[in-house]
Amino acid sequence: MDSQLKRALTDRIRYYNELGIYDFYRRQTKLESEVPVPFVNVAGPETIDTAPNNDPFQLLRSIREDIGDCTRCKLHLQGRKQIVFGVGNPNADLMFIGEAPGADEDTQGEPFVGRSGQLLTNMIKAMGLTREDVYIANIIKCRPPGNRAPDRDECETCSPFLMRQIEAIKPKVLVALGAVAAKTLLAVSASMMELRGRWFDFRGTKLAVTYHPAFLLRDPRQKKETWKDLQMVMKELGIPIPAKAEE
Ligand code: URA
């Protein structure tokens, strides 16, 4: 393989990885399959099929393309290494939404891969799922310096892309991790006490709020409460709850 092609393929694979895609399959070529080229209308190549694209994978790809090498807010000047788009199954029933990438996420380009991420991964496993079953994203896609909370203008600039991701994936349930995610999505000012343990309607999708894993690392006693929130979500999604875990 010549070096130019190799570089192009490396770039393309990195790009798919950014979208959370790690498995690749070789599609049959026309010669192998002897079938006509899809998407070209029989009436002639000038009438290429322009049907609306509802494929969540393609929609996510075009959202990522629209974000580009974003300079829309000040975070691009404040040391972010890369945009952390989101990761997981484009057809997920369940989507977790955190606050903002931290240092590990900024380095690896994937949400929730640091210490909080390990805890979130364990929470997902406790639900009988894997990270590959769900979709994980944040309110904002760039790391705020020193892990400060996102500013309002940053949330307002960035969250429309998250809204498009939610519209593309169409999960059955959204889980907001922590107060920043909950308050931004629901546009309310309320305490976690008021927000947890109940369902909200988010543009027609059920939304639950639970503690942010970083908070649970600081106060592990709240893990029990979090597990109650996750069980509420499991019931909604028809995921069986292990008998001894049920309260
Ligand atoms: N905290 C978040 O809210 N999101 C991440 O991706 C990592 C830590």
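The numbers here are math on the coordinates, done by the rules we state, and not lab data. On a predicted model such as this, the values are computed, not experimentally measured, just so you know. With ideal geometry, Cβ positions are generated from the backbone for all residues, glycine too; neighbour counts draw on all protein chains shown.
I'd like the FRET efficiency for Asn122 and Asp66, computed as 1/(1 + (r/R0)^6) with the beta carbon distance as r and R0 of 35 Å, rounded to 0.05.
After rounding to 0.05, the efficiency reads 0.55.
Please give every one of the lysines within straight-line cross-link reach of Lys172, meaning a C-alpha to C-alpha distance under 16 Å, and leave out same-chain neighbours fewer than 8 residues apart.
Lys172 reaches Lys206, Lys235.
Testing the spin-label approximation: label points 7 Å from Cα along Cα→Cβ at Lys74 and Glu236. State their distance in nm.
Between Lys74 and Glu236, the label points sit 3.5 nm apart.
Taking amide hydrogens as modeled 1.01 Å from N in the peptide plane, which residues meet the under 5 Å criterion relative to Trp199, leaving out close sequence neighbours?
Amide H to amide H, under 5 Å and 5 or more residues apart or across chains, Trp199 pairs with nothing.
Where in segment 75-113 is the amide nitrogen less than 18 Å from a point lying 7 Å along the Cα-to-Cβ axis of Asp55?
88-92
Grab the eigenvalues of the alpha-carbon gyration tensor for segment 57-100, scale each by 5, take roots, and send me the semi-axes largest first in whole angstrom.
23, 14, 7
Counting pairs of Cα atoms in segment 46-204, how many percent are more than 20 Å apart?
Beyond 20 Å sits 51 percent of the P(r) for segment 46-204.
For segment 145-151, take each phi angle, set θ = phi - 60°, evaluate the Karplus expression 6.51 cos²θ - 1.76 cosθ + 1.60, and give the result in whole Hz per residue in order, putting x for glycine and proline.
So the J values, rounded to whole Hz, are x, x, 6, 5, 5, x, 6.
If you plug each phi of segment 96-104 into the Karplus form 6.51 cos²θ - 1.76 cosθ + 1.60 with θ = phi - 60°, what whole-Hz ³J(HN,Hα) values come out, in order, with x for Gly and Pro?
Those phi angles translate into 9, 10, x, 9, 7, x, x, 4, 5 Hz.
I want to make sure I understand the PRE zone here: with the label point 7 angstrom from the Cα of Arg203 toward its beta carbon, which residues in segment 54-94 have backbone N atoms less than 14 Å away?
60, 63
Between Leu186 and Lys223, with labels modelled 7 Å along Cα→Cβ, what's the label distance in nm to one decimal, could you check?
2.5
For segment 112-189, which GluC sites (Glu not before Pro) are in a loop by DSSP, counting at most 16 other Cβ atoms within 10 Å?
Glu132
Could you tell me which of the pairs Lys125/Lys170; Lys6/Lys170; Lys141/Lys223; Lys74/Lys224 are separated by over 30 angstrom between their Cα atoms in the structure shown?
Over 30 Å apart, Cα to Cα: Lys6/Lys170; Lys74/Lys224.
What would the Debye equation give as log₁₀ I(q)/I(0) for segment 128-247 at q = 0.11, 0.13, 0.15, 0.18 Å⁻¹, counting only Cα atoms as equal point scatterers?
-0.39, -0.55, -0.74, -1.08
Can you say what percent of the DSSP beta bridges in segment 82-212, counting only those with both residues inside, are antiparallel? Round to 5.
That works out to approximately 30 percent antiparallel.
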